1. Mind telling me which of the residues Thr78, Thr91, Thr104 ends up being open to solvent by less than 50 Å² (accessible area, probe 1.4 Å), within 12 Å of the chain's Cα centre (by Cα) and of a type in the set (S, T, N, Q)?
2. Condition check: at pLDDT 95 or above and either crowded, with 17+ Cβ neighbours inside 10 Å or assigned to a strand (DSSP E or B) (or both). Does Glu6 satisfy that?
3. Answer yes or no as to whether Gly55 is closer than 22 Å to Asn103 by Cβ and without any contact (Cβ under 8 Å) to a residue 40 or more places away in the chain.
4. Would you check if Phe37 is touching a strand residue (DSSP E or B) at 6+ places or on another chain (Cβ under 6 Å), crowded, with 19+ Cβ neighbours inside 10 Å and over 12 Å from Val79 (Cα atoms)?
5. Name the single residue that is nearest to Tyr59 (Cα to Cα) among those in the range 95-119 being in contact (Cβ under 8 Å) with a residue 24 or more places away in the chain and among the aliphatic types (A, V, I, L, M).
6. Taking interchain pairs and intrachain pairs at least six residues apart, which have beta carbon atoms under 6 angstrom, with the first residue in the range 70-94 and over 16 Å from Thr50 (Cα atoms) and the second modelled with pLDDT under 95 and polar (S, T, N, Q)?
7. If you go through the range 10-34 one residue at a time, how many are surrounded by fewer than 19 Cβ atoms within 10 Å (Cβ to Cβ) and either more than 22 Å from Thr104 (Cβ to Cβ) or touching a residue at least 24 places away in the same chain (Cβ under 8 Å) (or both)?
8. Please find, within the range 43-68, the residue that is nearest to the chain's Cα centre (by Cα) out of those that are at pLDDT below 95 and open to solvent by 40 Å² or more (accessible area, probe 1.4 Å).
Amino acid sequence: QVQLVESGGGLVQAGGSLRLSCTASGRAFSIYRMGWFRQAPGKEREFVATIIWSGDATYYSDSVKGRFAISRDDAKNTVYLQMNSLKPEDTAVYYCNAHFRPNTLEDYWGQGTQVTVSS
């Protein structure tokens, strides 16, 4: 069993920054990709960003591109989401997501961390 634990959420003013972290732990595993989704109250969970572990290819939703940056630390099995120029629209619970080899289509989810951006 693999668990994903997020941290780093909080309350910031518009234009501010936060860095989220997600660490994978548990049984032996090989990460294919890790990333982030978010869900605001009353809305569907939406894709934010992801990083492919081998090769470091990154992908972002249009709504965060240019403001957020995803990165990873292999030694710590950790993915980060640096969020800059935050907007009130970014307010949501942010969920870590991961796929592991060889079953790379199977989703794993963290418990979520709240990000609140005040105007």
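The values are calculated or read from the model by the stated rules, or taken from the named source; none is laboratory data. All of these numbers come straight from a predicted model, not from anything done at the bench. No Cβ is skipped: glycine too gets one built from the backbone with ideal geometry, and neighbour counts run over all protein chains shown. For accessibility, only protein heavy atoms count, side chains too; no ligands or nucleic acids. Shrake-Rupley method; radii C 1.70, N 1.55, O 1.52, S 1.80 Å.
1. After ruling out the rest, the residue left standing is Thr78.
2. Considered against the rule, which asks whether it is at pLDDT 95 or above and either crowded, with 17+ Cβ neighbours inside 10 Å or assigned to a strand (DSSP E or B) (or both), Glu6 comes out as yes.
3. Values: closer than 22 Å to Asn103 by Cβ: yes; without any contact (Cβ under 8 Å) to a residue 40 or more places away in the chain: yes.
For Gly55, the condition - closer than 22 Å to Asn103 by Cβ and without any contact (Cβ under 8 Å) to a residue 40 or more places away in the chain - is met.
4. yes
5. Ala98
6. What qualifies is Pro88/Ser119.
7. 17
8. Out of the qualifying residues, it is Asp56.
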